[in-house]
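Following: one structure in structure tokens, then a few remarks.
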Amino acid sequence: MQSLNTFSLQYLQAFVLSAELGSISAAARVLGKRQSQLSGWIADLEAELNLELFTRTGNSLQLSPDGHTLLPLAQHTVAQSNRLQAAAHALQQHKQLVLVVGVAPHIPQQLLTDAIVGFMQKQPQVQVRIITQNEEELAQGLTDGLFDVVLLHESIELHSSRYDYCRVGFYDEVFTVRKGHPLAGKPSIGVADLAPFRELIWAEDYQQSADESGYSGYSSQIADFSTLKGVLLKTDCVALLPALMVASGIQAGQLALLHVNTELSTMRRRLELRWPLGSQHKTIISSWLRLVCQTLNNLDSDTPPDR
């Protein structure tokens, strides 16, 4: 067999299309070539591989056993080549090929699922990177050009000349315990009732501020949510967690909600998007902003500026 470096992508494309369409003439029409030219390419490919890719009986064309084996690899190679060409074309047009999104800790990234799916469908050539950092690092990273967009808890700042922003809704947090917890099922819980039980905090390197007293005299910080939930299910701890992330455990009867009489039944955490000044006029940024706003849309949302 000759060196694989002598392969032509046209040979592979001819092979793949002929196999997918069931005929060389159909593949030739798609590629705008003569049937004899594609037949020659496939014959050259078979000669280089020293394998028969098709069995030919009269006008019938069928993949050989070796052809069946190699077809998925050829399809992958052709697809990667198409992606390479699309990326090169985008770069020639000075288009952005990576979207870097920063998300603050504690914000459930499940909120972005539909936005991510929609963005991948609208911008198939663009990579999406979701990065979690604390809010100070995200704000500085936006200034330094490390992020294209960041999702943060809403700031009390009324206006900023350093970035553009809009409100994009909220998520709710609830007090949660295991189903068999001593407090589960009680119609109303006071802060004093919470004090004897360890509080689990979904956080990494969380520092309690001077005006925060917490709900318990002692706590444990766990950064991994799955681990925290596992501990919650096996102990009499209490946790304040995003409702979205404990909904399945409540529906399954594993977890119960507590109604604390000094707090709202659900604590609302409002969110905002920030992006560099003027960058909403870029196609990729605009597409992402609109999808996130649609996904998180509620009465408290703002509409991002038009492109």
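The values are calculated or read from the model by the stated rules, or taken from the named source; none is laboratory data. Given the structure is predicted, the values throughout are model-derived calculations rather than measurements. Every residue, glycine as well, gets a Cβ built from its backbone with ideal geometry; the counts of neighbours run over all protein chains shown. When the accessible area is computed, the model is the full protein with side chains, heavy atoms only, and any ligands, DNA or RNA have been set aside. Shrake-Rupley method; radii C 1.70, N 1.55, O 1.52, S 1.80 Å.
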Problem - Accessible surface of Arg167 - all protein chains present, 1.4 Å probe, nearest 10 Å² - result: 90
Exercise for the section: Report the FRET efficiency, 1/(1 + (r/R0)^6), for Asn82 and Gln251, where r is their Cβ-Cβ distance and R0 is 45 Å, rounded to 0.05. Expected result: 0.55
Exercise for the section: At a Cα cut-off below 27 Å, give the lysines reachable from Lys122, other chains included and same-chain residues fewer than 8 away excluded. Expected result: Lys95, Lys282
Handout entry: R0 of 30 Å, Cβ-Cβ distance Lys234-Met267: FRET efficiency to nearest 0.05
Key = 0.75
Practice task
For region 243-263 and region 26-63, write down the distance between their C-alpha centroids in whole Å.
Solution key: 62
Exercise for the section: Extending each Cα 7 Å along its Cβ direction at Asp114 and Ala43, get the distance between those two points in nm, one decimal. Expected result: 5.7
Exercise for the section: For Lys186, go through the lysines and keep the ones whose alpha-carbon is under 29 Å away, minus same-chain ones fewer than eight residues off. Expected result: Lys229, Lys234
Fill in the blank from the handout: With a Förster distance of 35 angstrom and the Cβ-Cβ distance between Gln294 and Leu73, calculated FRET efficiency to the nearest 0.05 equals 0.35
Exercise for the section: Could you pull the accessible area for Thr235 with a 1.4 Å probe, rounded to 10 Å²? Expected result: 40
